[in-house]
Amino acid sequence: MTTSTSTSTSTRLTPDQLDALGAEMDAIRQRVLADLGEADADYIHGVVRLQRRLEVAGRALFYLPPAWPVAVAALSVSKILDNMEIGHNVMHGQYDWMGEPGLSSRMYEWDNVCPSEQWKYSHNYIHHTFTNVLGKDRDIGYGILRMDEDQPWHPYYLGNPVYALLLMVFFEWGVAMHDLEVENIVAGRRTLADNKALHAGIMRKVRRQALKDYLLFPALTGPLFPLTLAGNATANLVRNVWAFNIIFCGHFPAGVATFSEEECRDESRGHWYYRQLRGSANIDGGRLFHLMTGNLSFQVEHHLFPDLPARRYPEISGEVKEICERYGLPYNTGPLGKQLVSVARKICRLALPDRRRAQQPAAQAQPAAA
Amino acid sequence: MRLVSAVLRSRAVAALASPHGVDRYLEQVNPLWAAHEVRGRVVEVRPETTGVHPVTTLTVQPTSTWRGHRAGQHVQVGVDLPGARRATRCFSLSSAASAPGERFTLTVRAHDDTDERTSLSRHLATRARPGDLLHLSQAGGDFTMHASPATPTPHPLLLVSGGSGITPVMSMLRTLLRDGYDGRANRPVTFLHYARSPQEQIYAEELAAVARFDNHVDVHLVHTARGGTRFSPAALARLVPGFRDTDTWVCGPTALVDAVAAAYDGSARLRVEHFKAPATAAGAGPAQGETSFTRSGLGATNTGETLLAQAEALGLRPETGCRMGICFTCTSRKTSGTVRDVVTGEESSRPDEDVRICVSAPVGDCSVDL
Ligand code: FES
């Protein structure tokens, strides 16, 4: 049974235990690294082939108005694969060892309004290094939502469920704006000038994305322009809703721990693994489901080993689970429905001031992010 | 065909194929279709010599994107080696100058495999088969012959080479002869080549034929292991009196190139090209060798620390994020040498590979593009 308190205490493992845990994790990592080869290359090439075919098929089927729903479905799946199993994973450097420019973390650009360069900074570096460290990991609530009890309540957060809904619908835009740190500008911690270069990059990418999905491809279908436009917009929406839900289920269900900056000062490699393990959650499902989530349904394994090809997560999850049992650590997982309900609950509950805290105001001495 | 490629290269098509680019779609249909990239198919494999370091000539049919080459230029060749790892190396083109889209040849000497991995040159020289796919760059380099055979002048030419350095000068000789250069041009050519033994002499038959014909080409093959005299200014002066005032191209091992350069004493008539011997791993043990950062021109004795630490010690400020090998922010191009992953202990010697400098320490000499 996982607990529902969100703040962790790393006192549950001694430094020696943490070191041992780190060594076990490192061993898994090295074993997989040594085994990388043909099978991994064939897999990612296969996914890319599937994605390209679905994309071409989707675009082509818009010429056949009765096939509109099929076209939208093909394009939606193509965009989901592009962003999740290919884009997200390639940009983590999971396939850099192949030396193939088309699959290199340095060169890959994804079908998303957020420029890959900026996303790699906010995601690979900030989020994956400071996972669930309050005030450091800006993925906690994306600067908009209250996703943790240690974020002090403010009447603004009464709108939490509404903001979450909006973020879900416009997720790719939310991710693109994420880097602008608008909340820090409002709070006066960042100036508009700091955003100039970022802004230019985002606008360039936005223009390209919008041009192709909302102008060129619809125009190519001539009189079917409005239908194609609506189809492309729908595909983007489907991708947004799907990505948002998978990502929120990976980070915010009950039982996921957050950490304070003090706890993580000069942390050991073992503690880093411990924090990754406690800061993420999995979603159960079948092979197709895992493909569609970019294997982020193995968010725990992904956070432990962000640069290992994601197709390896299922095979190492058994071992990770076994290690968790031995160290008495929770291994957070559950079916999609359960994790979704848990996340939705948290979003609604945190919209209101915390009851326990309200009764004991002395307890909120924790520093926290706005 | 011209129209098709013009369309494929147009901005409109680029906008439609954004963000992946046209070639990422074309390659799914046929790897020899490309709008921007260059690829090639091996169409013929001809062994030149046998022995421990066999030499093979490969005839390559490039994509229509190949812009052709001038005699003396080289090309980057990328090959997917066993284990799905692509390696890239530079080879001189050995055939006469090519026109856009035209076939060319590469002559490759097999070097030894390193650290349990296949060496690219050995793979090409001993295992390449007709039908194999090569990833290419456009031809580059300015070790070219700018005197055109179409405008003969009475100035003599001198081509000096050693070992594998014969390929670019052979390309020059072949270009001259193909383009109608003959005895009437009244412009003597001296072709001087140093090989260890007749068994290691490549293009022997062709050179014998060239020597036989009346074309004002003097061929001198020196076999050093058979008592042939090594290069000396006096010996050269006997062959080509006043060589310092003769248009000369020299390519070969550093020792030969240096000796020739010394004999020319700064004469502008001499053009040199070093033929780079493959970097050898220095093996484990205490740190040794030089660490060089090529873009900034800085370098120092290898301290055995990570490349990042060594770069920062020299005052460089490469981009970094996590500094622990997970975010790929610090990824830089290692152009030569061997690095050891400080986390996994794995060593890697591939030339031109992307490494995370925060977790890579050089083993022996190492150059990084920073
Ligand atoms: S700085 Fe993050 S991988 Fe090197």
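The values are calculated or read from the model by the stated rules, or taken from the named source; none is laboratory data. Note that the coordinates shown come from a computational prediction; the quantities given were computed from them, not determined experimentally. Virtual Cβ from ideal backbone geometry, glycine too; neighbours counted across all protein chains shown.
Structure notes:
- Meets criteria (of a type outside the set (Lys, Arg) and surrounded by fewer than 21 Cβ atoms within 10 Å (Cβ to Cβ)) for residue A:306: no
- No other residue among B:39, B:122, B:46 is of a type in the set (D, E, K, R), assigned to a strand (DSSP E or B) and within 17 Å of the chain's Cα centre (by Cα) apart from B:39.
- Of all residues making up the range B:317-352, the number that are away from the ligand (no atom under 11 Å from the Cβ), among the polar types (S, T, N, Q) and over 19 Å from residue B:112 (Cα atoms): 1
- Flag for residue A:146 being free of Cβ contacts under 8 Å to residues at least 24 places away in the same chain, touching a helix residue (DSSP H, G or I) at 6+ places or on another chain (Cβ under 7 Å) and not in a helix (DSSP H, G or I): no
- Annotation note: of A:84, A:91, the sole residue that is within 15 Å of the ligand (Cβ to nearest atom) and within 15 Å of the chain's Cα centre (by Cα) is A:91.
- Qualifying residue in the range A:181-189 (condition: in a loop (DSSP other than H, G, I, E, B) and surrounded by 18 or more Cβ atoms within 10 Å (Cβ to Cβ)): yes
- Search result, residues across the range A:266-308 that are within 16 Å of the chain's Cα centre (by Cα), within 14 Å of another protein chain (Cβ to nearest Cβ) and not in a loop (DSSP other than H, G, I, E, B): A:276, A:301, A:302, A:303, A:304
Yes/no per residue for (1) in contact (Cβ under 8 Å) with a residue 24 or more places away in the chain; (2) surrounded by fewer than 23 Cβ atoms within 10 Å (Cβ to Cβ):
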{"position": "B:169", "(1), (2)": "yes, no"}
{"position": "B:174", "(1), (2)": "yes, yes"}
{"position": "B:181", "(1), (2)": "yes, yes"}
{"position": "B:191", "(1), (2)": "yes, yes"}
{"position": "B:195", "(1), (2)": "yes, no"}
{"position": "B:204", "(1), (2)": "no, yes"}
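- Hey, residue B:283 more than 16 Å from the ligand (Cβ to nearest atom), over 20 Å from residue A:120 (Cβ atoms), outside the structural domain of residue B:120 (by the TED database) and at pLDDT 90 or above or not: no
- Residues being among the aromatic types (Phe, Trp, Tyr) and under 24 Å from residue A:163 (Cα atoms) - total across the range A:217-243: 1
- The set of residues in the range A:85-98 being of a type in the set (A, V, I, L, M, F, W, C) and more than 7 Å from chain B (Cβ to nearest Cβ) consists of A:86, A:90, A:91.
- When residues of the range B:244-258 are limited to those that are touching an Asp or Glu at 6+ places or on another chain (Cβ under 9 Å) and under 16 Å from residue B:222 (Cβ atoms), the one surrounded by the most Cβ atoms within 10 Å (Cβ to Cβ): B:251
- Note on the range A:99-113: residues that are within 9 Å of another protein chain (Cβ to nearest Cβ) and either in contact with a Leu (Cβ under 6 Å, 6 or more places away or on another chain) or not in a loop (DSSP other than H, G, I, E, B) (or both) total 2.
- Meets criteria (farther than 20 Å from residue B:87 by Cα, within 14 Å of the ligand (Cβ to nearest atom) and not in a loop (DSSP other than H, G, I, E, B)) for residue B:311: yes
- Selection within the range B:318-339 - under 22 Å from residue A:117 (Cα atoms) and under 31 Å from the mean Cα position of the chain (by Cα): B:318, B:319, B:328, B:329, B:330, B:331, B:332, B:333, B:334
- All positions within the range B:244-261 that are assigned to a helix (DSSP H, G or I) and touching a Gly at 6+ places or on another chain (Cβ under 6 Å): B:256
- Candidate set from the range A:114-136 (those that are surrounded by fewer than 21 Cβ atoms within 10 Å (Cβ to Cβ) and in a loop (DSSP other than H, G, I, E, B)); member that is nearest to the chain's Cα centre (by Cα): A:136
- Answer from B:350, B:333 - the residue that is at negative phi and either in a strand (DSSP E or B) or not charged (D, E, K, R) (or both): B:333
- Residue count for the range A:50-82, restricted to those that are farther than 18 Å from residue A:104 by Cβ, facing chain B (nearest Cβ under 9 Å) and among the charged types (D, E, K, R): 3
- Matching residues, the range B:208-243, being outside any loop (DSSP other than H, G, I, E, B), out of contact with any His (no Cβ under 9 Å at 6 or more places or on another chain) and crowded, with 17+ Cβ neighbours inside 10 Å: B:210, B:217, B:236, B:243
- Restricting the first member to the range B:347-366 and to residues that are among the charged types (D, E, K, R), and the second to residues that are within 11 Å of the ligand (Cβ to nearest atom) and assigned to a loop (DSSP other than H, G, I, E, B), the beta-carbon pairs closer than 6 Å and six or more apart or on different chains are B:356/B:325; B:356/B:330.
- Pairs, first at the interface with another protein chain (Cβ under 7 Å from one of its Cβ atoms) and modelled with pLDDT of 90 or more in the range B:308-337, second within 13 Å of the ligand (Cβ to nearest atom) and in a strand (DSSP E or B), C-beta under 8 Å, six or more apart: B:331/B:354; B:331/B:355; B:331/B:356
- Of the residues making up the range A:97-143, those that are within 16 Å of the ligand (Cβ to nearest atom) and among the hydrophobic types (A, V, I, L, M, F, W, C) number 4.
- Scanning the range B:340-356 for residues that are more than 10 Å from chain A (Cβ to nearest Cβ), within 26 Å of the chain's Cα centre (by Cα) and closer than 23 Å to residue A:25 by Cα yields B:340, B:347.
- Restricting attention to the range B:39-62, the residues that are crowded, with 20+ Cβ neighbours inside 10 Å and aliphatic (A, V, I, L, M) add up to 3.
- For the range B:1-34, filtered to residues that are closer than 26 Å to residue B:124 by Cβ, part of a loop (DSSP other than H, G, I, E, B) and in contact with a helix residue (DSSP H, G or I) (Cβ under 6 Å, 6 or more places away or on another chain), the residue that is farthest from the other protein chains (Cβ to nearest Cβ) is B:33.
- Qualifying residues in the range A:11-26 (those that are loosely packed, with under 12 Cβ neighbours inside 10 Å and in a helix (DSSP H, G or I)) - the one farthest from the chain's Cα centre (by Cα): A:16
- From the list B:65, B:114, B:88, the one residue that fits, being at pLDDT below 90, polar (S, T, N, Q), surrounded by 17 or more Cβ atoms within 10 Å (Cβ to Cβ) and in contact with a Gly (Cβ under 9 Å, 6 or more places away or on another chain), is B:88.
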